[in-house]
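Structure record follows, encoded as structure tokens.
Rule-based calculations on the coordinates, nothing more; no lab input. In this text, all values refer to a predicted model and were calculated from it rather than measured experimentally. Glycine gets a Cβ as well: all are built from the backbone with ideal geometry, and neighbour counts include every protein chain shown.
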Amino acid sequence: MTVEYVDAGEAVNQATLNYKTPGAEVAPPVVADVTYERIRNAASEPHNWLTYYGTYNGQRFSPLDQINTENVKHLRPAWIFQAGTTGMIAGASTYSFEAAPIVVDGVMFVAGWDGWVWALDAKTGVEIWRYKHAIPYDVSLCCGNVNRGVAVAQGKVFFVTANAHVIALDATNGKRVWDKTYGDVRAGESATCAPLVVKDMVIVGSSGGEFGVRGHLDAFDVESGEHRWRCYMVPKPGEPGSETWPADGEAWARGGANCWLTGTFDPETNLLYWGTGNPAPDFDGEVREGDNLYTDSIVAVDADSGQIQWHYQCTPHDLWDYDSIAECILFESKGRKLLGHFDKNGYFFVVDRTNGELVQITPFVDRITWGAITRDGQVTAKVYPEKEGDPVHFYPGPAGAKEWTHAAYSPRTELFYVPVQDTGATATRRRREFKESIPYWGAGVQVDIDDMAGSISAFDADGEEKWRYRNDLPMCASVLATGGDLVFAGKPSGEFVALDASTGEQLWQFQCGSGHHSSPTTFSVDGKQYVAVPVGWGGWAEGFLPGMLGAGHGSALIAFALPEESS
Amino acid sequence: MTTTAGDRSDLLDKLGLKEQNRATIGRLLATGNVGQATERANGTMQATIRINPDELCWDPSVLVLPHGGDLELELINDDLNTHCALLPNNGDRKFIWLVNHSRGRATLNLDGPGYYWFSSPTGNDEGRGLTGAIVVLGEVPPEARLDRPEQPRP
């Protein structure tokens, strides 16, 4: 006798199994009127954190001052959002919570690893909606299953996926509006950056510099997702800059220069300021003789045309994996429009952002042995992988004196605050044949697990160090500066600290239970200031702090606030 | 040592790796059958995945799609125990309970190329064998490919 099957029905979205009060799965339409003008004037609405760096200038500074040097000692967790992970995900051992939470009028939008985006009630931490993009288990990821965050505008939330899609979601319900593929996963491309909305465009860069790809920056129409322009960061033969690559062969086609982090923008110059990644292969320079433009460069790109207007290369012919992807902080000093950039190579560069002219260069880490850069910008390489099989030790290691995590600048103190990693590494050149999707380093690399140090260091625009907050371990998380004259920084060992922006004195700390490798932001709801920090150790820990490879992962987003009686 | 691909199936059988609680305690992952989805004229795809009695393995445990897009999946639990399925999908993962002798459906949207795991996230079904893969073949769209000469692949 045949027994009829029980009808199991249709599979449901997993989010429906996370109980919500009826109606609570829809966010108020707070993003509907987030326009280019509002983002451009984000500093005028400090209760929000509207764009990746808070403002287009990349300062990671908020004027909010309810939490200040006097009362920060009372700061305590207001809520914790725990995402966790289920099933088998790409980079199961390397996922990390690295985003910068965006907040618009009481709603937080944040990206996680493995294709997650959440909308949360910024006052309570309760999930409103979630989006989960399916990420291939076998996608090429040099540095972990990570994502740096979202952008918002015109009713939409924008983010990129590890398989190189840029996606627009309806900000009220998390449903997909448009979805464009802008990288080739079979070539080793991926995407990790937070998009930047400029005018009516979403700007995103590509990842994959360790796989011998050709880095690019892309612009898409905010409304339709139509592709507007692509700017390759390695020129083809015959294009300007191509003379810095071998004339024969295809080194340029595998040259790297990925834009794997978010850039900044000056509406007055109409220029995007984007840092580019390492050349490929990272450590084997013989196969790519020349300066290898526009790798390891600060590149100014016209926002409308996508054309490169000027560049400043921080490490010509890089042999140490010294990406220049770090933020380009825009500021004014002595009547000049300037740009500050802390590079992986250990030097703090200040250039004129109207034309790329060098203003000053200063080392910001104690140990630099790879080479030297003079005050006028002359670069001399000293120690590098040269002979096949010959180990070479150098400082800083390939994660740099500062990794991708961001410095901050306070216009109140006129100081830059930089997270410093003082760690060396040994690289042994091992040439290999190029094949698409296979790591293309040209060396075996081991980063030191001892004799390391870190700090939050404060510099003025002339490169003079004003104070240093020392740490036994390298500092591997972004810094946040506030109008309360505080500098917030997370440690690899889990402590989240608040420092006096004028002196570096530690005023408060909280043990978050996992190491920090993200970008904290601050906002206020109903007049109450919060500081939010994603916590979840992982990513490329073997590169920036292998001595902490054994530390536990985390997946929490913690929002701190003052108790009622202290605010 | 005998490790060639040709005799992999025989060796799995000989070592007791093709069923649960013989060599391993559960069922070793990715030792089940391989199947292919069928493609309809409109480009959508269809496939059926079963759980056979006492095998603790999806059948097929590796489902191959010709390209990215929409997949209509039928899930049949012929086992004598209750399982479930957590499936990859763009938008949100899909979940379905599969009580003994039940049949359900899932509609999935997946990008290609690449592969995705799916599983039965109850107890330790995932470790004991009910973890399978969906493989999506193909290339990314032409507009997403790098402007460079064809490069060698492995």
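Distance between the C-alpha centres of the stretch B:27-93 and the stretch A:481-516: 48 Å, rounded to the whole angstrom.
Modelled this way, with points 7 Å down the Cα-to-C-beta line, the labels at A:GLN509 and B:LEU11 are 5.3 nm from one another. Note on the stretch A:77-153: with charges restricted to the Cβ of Lys and Arg (+1) and Asp and Glu (-1), its dipole about the Cα centre is near 20 debye. In sequence order, the stretch A:123-132 has phi-based couplings of 8, 10, x, 6, 5, 9, 9, 9, 10, 10 Hz under the Karplus curve 6.51 cos²θ - 1.76 cosθ + 1.60, θ = phi - 60°, and Gly or Pro positions carry x.
Sequence gap at least 6, Cα distance under 8 Å: using those rules, report the relative contact order of chain B to the nearest whole percent. Spell out each step's value before the answer.
Numbers: 346 pairs, mean separation 32.6, N = 154.
Averaging sequence separation for qualifying contacts and normalising by length gives 21 percent for chain B.
Comparing the stretch A:1-63 with the 2.2 N^0.38 Å rule of thumb, its C-alpha radius of gyration ratio is 2.12 (two decimals).
Taking a ≥ b ≥ c as the square roots of the eigenvalues of the Cα gyration tensor, an a/c ratio of 1.5 or more together with a/b no larger than b/c marks the stretch A:287-345 as oblate. Under a model in which nothing but the beta-carbon of Lys, Arg (+1) and Asp, Glu (-1) is charged, chain A shows a dipole of about 400 debye around its Cα centre. Applied to the stretch A:486-493, the Karplus parametrisation 6.51 cos²θ - 1.76 cosθ + 1.60 on θ = phi - 60° returns per-residue 3J(HN,Hα) values of 10, 10, 9, 8, x, 9, x, 7 Hz, with x for Gly and Pro. Counted residue by residue at 0.36 nm each, then reduced by the alpha carbon distance between them, the extension gain from A:SER44 to A:ASP352 reaches 108.3 nm.
Scanning residues 5 or more positions from A:VAL234 or on other chains, those with amide H under 5 Å from its amide H are A:GLY215, A:TYR294, with H placed 1.01 Å from N in the peptide plane. Backbone geometry of the stretch B:112-118 corresponds, through the Karplus equation with coefficients 6.51, -1.76 and 1.60 at θ = phi - 60°, to 3J(HN,Hα) couplings of x, x, x, 9, 10, 8, 9 Hz, x marking Gly and Pro. Between A:LYS236 and A:GLU4, the distance separating the two model label sites (each 7 Å from Cα on the Cα→Cβ line) works out to 6.4 nm.
GNM remark for chain B: springs join alpha carbons under 10 Å apart, and the peak mean-square fluctuation among B:LEU11, B:LEU108, B:LEU98 falls on B:LEU11.
Other chains' Cβ within 10 Å of B:107-117 residues: what's the mean? Walk me through the numbers before you get to the answer.
Numbers: counts 2, 2, 4, 3, 12, 5, 7, 12, 4, 9, 7.
Shielding by partners across B:107-117 averages 6.
So for chain B, Kirkwood radius off the Cα pairs, Stokes-Einstein at 4 °C and 1.567 mPa s: how many µm² s⁻¹? Spell out each step's value before the answer.
Numbers: Rh = 16.8 Å.
In µm²/s, the coefficient is 77.
Rounded to the nearest 0.05, what FRET efficiency do A:ARG412 and A:THR374 give with R0 = 35 Å and r taken as the Cβ-Cβ distance? Could you check?
On the way: r = 32 Å, r/R0 = 0.93.
Rounded to the nearest 0.05, the efficiency is 0.60.
By its C-alpha gyration tensor, with a ≥ b ≥ c as the square roots of the eigenvalues, how is the stretch A:148-278 shaped: rounded for a/c under 1.5, else prolate for a/b larger than b/c, else oblate? Mind dumping the intermediate values first?
Details: a/c = 2.46, a/b = 1.68, b/c = 1.46.
Prolate.
Determine the percent antiparallel among the DSSP beta bridges restricted to the stretch B:34-139, to the nearest 5. It would help to have the intermediate numbers written out before the result.
Details: 25 of 39 bridges.
Given both bridge residues lie in the stretch B:34-139, the antiparallel proportion sits at roughly 65 percent.
A Förster radius of 45 Å, combined with the Cβ-Cβ distance separating A:LYS73 from A:VAL126, puts the computed FRET efficiency at roughly 0.95. Take the Cβ atoms of A:ASP248 and B:ASP147, set R0 to 22 Å, and the FRET efficiency comes out at 0.70.
Between the amide H of B:LEU98 and those of B:HIS83, B:CYS84, B:ALA85, distances stay under 5 Å, these residues lying 5 or more places away or on another chain, with hydrogens modeled in the peptide plane.
I need the Kirkwood Rh of the stretch A:377-513: take the reciprocal of the average 1/r across all distinct C-alpha pairs and report it in angstrom. Please list the in-between numbers first.
Details: mean 1/r = 0.0595 Å⁻¹.
After inverting the mean inverse Cα-Cα distance, the result is 16.8 Å.
Computed per residue of chain A from DSSP H runs no shorter than four, each worth -39500 (n - 2.57), the mean residue ellipticity at 222 nm is -500 deg cm²/dmol.
Close amide H partners of B:GLY91, meaning residues 5 or more places away or on another chain with modelled amide H under 5 Å apart, are A:LYS132, A:HIS133, A:ALA134. Taking N as the residue count of the stretch A:158-216, its C-alpha radius of gyration divided by 2.2 N^0.38 Å amounts to 1.17.
For the segment A:135-145, counting C-beta atoms of other chains within 10 Å of every residue's C-beta and taking the mean gives 3.
Measuring spread by the Cα atoms of the stretch A:1-154 yields a radius of gyration and Dmax of 19.5, 80 Å. Annotation for the stretch A:127-197: trypsin sites (Lys or Arg not before Pro) lying in DSSP loop with at most 14 further Cβ atoms inside 10 Å of their Cβ are A:LYS175.
With all distinct Cα pairs included, what does the Kirkwood hydrodynamic radius of the protein assembly as shown come out to in Å, to one decimal, could you say? Show your work: numbers first, answer last.
Details: mean 1/r = 0.0381 Å⁻¹.
About 26.3 Å for the protein assembly as shown.
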